[in-house]
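The values are calculated or read from the model by the stated rules, or taken from the named source; none is laboratory data. As the structure is a prediction and not an experimental result, all values here were calculated from the model. All accessible areas refer to the heavy atoms of the entire protein, side chains included, with ligands and DNA or RNA removed. Shrake-Rupley method; radii C 1.70, N 1.55, O 1.52, S 1.80 Å.
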Amino acid sequence: MGQKLTQKLKETEAQFTSFRRGSFPSSIQALGTKGIMLGVLRRKTVSSTLSCGVYRKSFHKLRPAVCVDRPCSFAGRVIQSYHSYVTGCSITSIPKRVLGVSLQRDAFGISRMTFSSGSEGDTFEAVVPYMGESITDGTLATFLKKPGDRVEVDEPIAQVETDKVTIDVNSPEAGVIQELLAKEGDTVEPGTKVAIISKSAEAATHVAPSEVKPSEKAPTPSPRSSEEKREKPIKVEATPVVEKPKSSAPPPKPTAVEPQLPPKDRERRVPMTRLRKRVAVRLKDSQNTFAMLTTFNEVDMTNLMKLRSDYKDAFLEKHGVKLGLMSGFVKAAISALQLQPIVNAVIDGDDIIYRDYVDISIAVGTPKGLVVPVLRNAENMNFAEVEKSINTLAKKANDGTISIDEMAGGTFTISNGGVYGSLLSTPIINPPQSAILGMHSIVSRPMVVGGNIVARPMMNIALTYDHRLIDGREAVFFLRRIKDVVEDPRRLLLDV
């Protein structure tokens, strides 16, 4: 009896081993009907957390059903499992390959979620600000900060160059720059993400080691590389002896017909800035659109320069700004525009728009290009207000902080090429205006005054106008009015 029981136990273990490997016996009765089998299966059932109520069933009454393959997902993997229905009770998800995989619910039966290590609200994104109604994009010119640098609130991180001005991208919060999301030269639009800023101070410590560690671990030279270095001098010494030609023909001399082009290594190709491209397009459009004609005259600067010399100290003491010659020409242009309103008008399709206000554009040359800030409602300004406005706008233009609104519009432009020494020029109209006044350098020349030849400080002035709208008569009268006012500033007081 003992031998039979031992043999039965061995058969049972073999059957159960095949059961664990995924091979179901043809009949569940092959496991035996002894009480020990109930205990074995019960222990396996409890350890495997099978959803089957077999504890109170008799194995003689258990009838196996046909084993059907059913896909079952465990921890992101799909494996084949047997699904058996035994007397209305289901033994679910027994894997075909290894039984313990599907039954380890603690390992695979629980869904897990991953969370980021950073806390909420720790990082912020710096984006390109709104650049104006007429500007849709810009070029990321330069980064003022790099990853690992600390920035304060509203501190500039990068500069975006547009068709008209350069705009700063400021930091929204104080923190450390964690990552740059764009590169210099990229075309960006308002709202484009430029950098990620971390408020935690640890970000600064994480950036520096990451850059240092790769350099610390320098690769050790392998023995093969050292051997190759030793062998290289031997090969170099042998090559010249074998392949050295005794005589070589001289290169053919270039004939006089062949053009002598400069070497390419002495040339540099630099992409145009957005401001320069915009200026080029506008000036070429002006040349293609307007029927431009230029008329000239000359102005005796004696009285205006004497007025400046007599009152410059009192003017500076009272108004806090120096009295220049530009304010005199602005006031003279305003008087001429009011007498000749057609010069202040503009063509719009088949209509002419007359403007009852005077916005004077002042051309200012900057290192980045030409900008034209506007004096709003200049007809209501006095000399001091004109000088203050010009100085403020010129400083902003040179610093690159001038805004779009300060350059938009304008009904008439004054360009002073005399500050650079220009003696005479034909300026180009700034669209959508209809005329532009060009000032030039002051040169002492012999002039006939009262029948006598005397030296006078003279300036050439030029008016370029759109001949489609302005006739020569109005253009000459306009320039004559500027000449009369500059040569005798008292006309402004008497309005004559």
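Computed with a 1.4 Å probe over protein heavy atoms only, the accessible area of S335 comes to about 20 Å². With an a/c value of 1.5 or above and a/b not larger than b/c for the gyration tensor axes a ≥ b ≥ c computed over the alpha-carbon atoms, the stretch 350-482 is described as oblate. As a length-normalised measure over Cα pairs under 8 Å and 6 or more apart, the relative contact order of the stretch 393-440 settles at 38 percent. Accessible surface of L339, taken over heavy atoms with a 1.4 Å probe and every protein chain present, rounds to 100 Å². Across the protein chains, with a 1.4 Å probe defining accessible surface, the residues V151, V496 rank V496, V151 from largest area downward. Mind running the shape call on the stretch 406-496? Use the C-alpha gyration tensor, a ≥ b ≥ c as the square roots of the eigenvalues: rounded below 1.5 for a/c, prolate if a/b tops b/c, oblate otherwise. The shape class here is prolate. What's the center-to-center distance, using Cα atoms, between the stretch 159-175 and the stretch 456-496 in Å? The distance from the Cα centre of the stretch 159-175 to that of the stretch 456-496 comes to 42 Å.
What shape does the stretch 308-403 have by the C-alpha gyration tensor, where a ≥ b ≥ c are the square roots of the eigenvalues, rounded means a/c under 1.5, and otherwise prolate means a/b greater than b/c and oblate the rest? Taking the square roots of the gyration eigenvalues as a ≥ b ≥ c, the stretch 308-403 is oblate. For the cross-link pairs K284/K368; K277/K331; K164/K395; K277/K388, the ones whose C-alpha atoms lie over 23 Å apart are K277/K331; K277/K388.
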